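K.L.:
Mind looking over this structure? Questions follow.
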């Protein structure tokens, strides 16, 4: 008797989840690309600094970040389905994704800049409402560079 319920329940749940994540798949893939990019340049930055790179730590942090982004994208989807439908536009979910992915884009670019020796820091949120990307680049003071190297 229980097997009959499960044979009908599991496809129903799977179909609902597939429908929910269908519109969120591009955001999940974008997050995966950003995570891999951040991992690559983070490792290159650590090698340049002469830090020890442990595979277990890199894997743990990467998988943890993937789980975090899955949760954030799910939350954005839920906000879009609840608040977005009421307002008629998914403003809450888009704002949430903009904040989360803006942080990750800043991290990727800052790791890249440090790896290449570029003495700039990128702030994604200064880019909003600006016409030039130079408005989002900040110079790193010499004292801050020396403090980062000592850590």
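K.L.:
Checking residue 90 against (1) exposed (fewer than 14 other Cβ atoms within 10 Å of the Cβ); (2) modelled with pLDDT under 85, which test does it fail?
P.N.:
The single condition residue 90 does not satisfy is (1).
K.L.:
Could you list all residues from the range 18-53 that are without any contact (Cβ under 8 Å) to a residue 60 or more places away in the chain and within 24 Å of residue 116 (Cβ to Cβ)?
P.N.:
32, 33, 36, 39, 40, 43, 46, 47, 50, 51, 52, 53
K.L.:
Then there is this: Among the residues in the range 50-61, are any more than 22 Å from the chain's Cα centre (by Cα), loosely packed, with under 13 Cβ neighbours inside 10 Å and not in a loop (DSSP other than H, G, I, E, B)?
P.N.:
no
K.L.:
A follow-up question, please. Here is a list of conditions, (1) at pLDDT 85 or above; (2) under 27 Å from residue 70 (Cα atoms); (3) surrounded by 13 or more Cβ atoms within 10 Å (Cβ to Cβ), and residue 95 meets all of them except one; can you say which number that is?
P.N.:
Of everything listed in (1) at pLDDT 85 or above; (2) under 27 Å from residue 70 (Cα atoms); (3) surrounded by 13 or more Cβ atoms within 10 Å (Cβ to Cβ), residue 95 misses just condition (3).
K.L.:
Quick test of your reading of the structure: residue 106 fulfils all but one of (1) under 23 Å from residue 137 (Cβ atoms); (2) without any contact (Cβ under 8 Å) to a residue 24 or more places away in the chain; (3) surrounded by fewer than 18 Cβ atoms within 10 Å (Cβ to Cβ). Name the failing condition by number.
P.N.:
(3)
The values are calculated or read from the model by the stated rules, or taken from the named source; none is laboratory data. Just so you know, these numbers come straight off a predicted model, no measurement behind them. Counting neighbours? That spans all protein chains shown, and the Cβs are built from the backbone with ideal geometry, glycine included.
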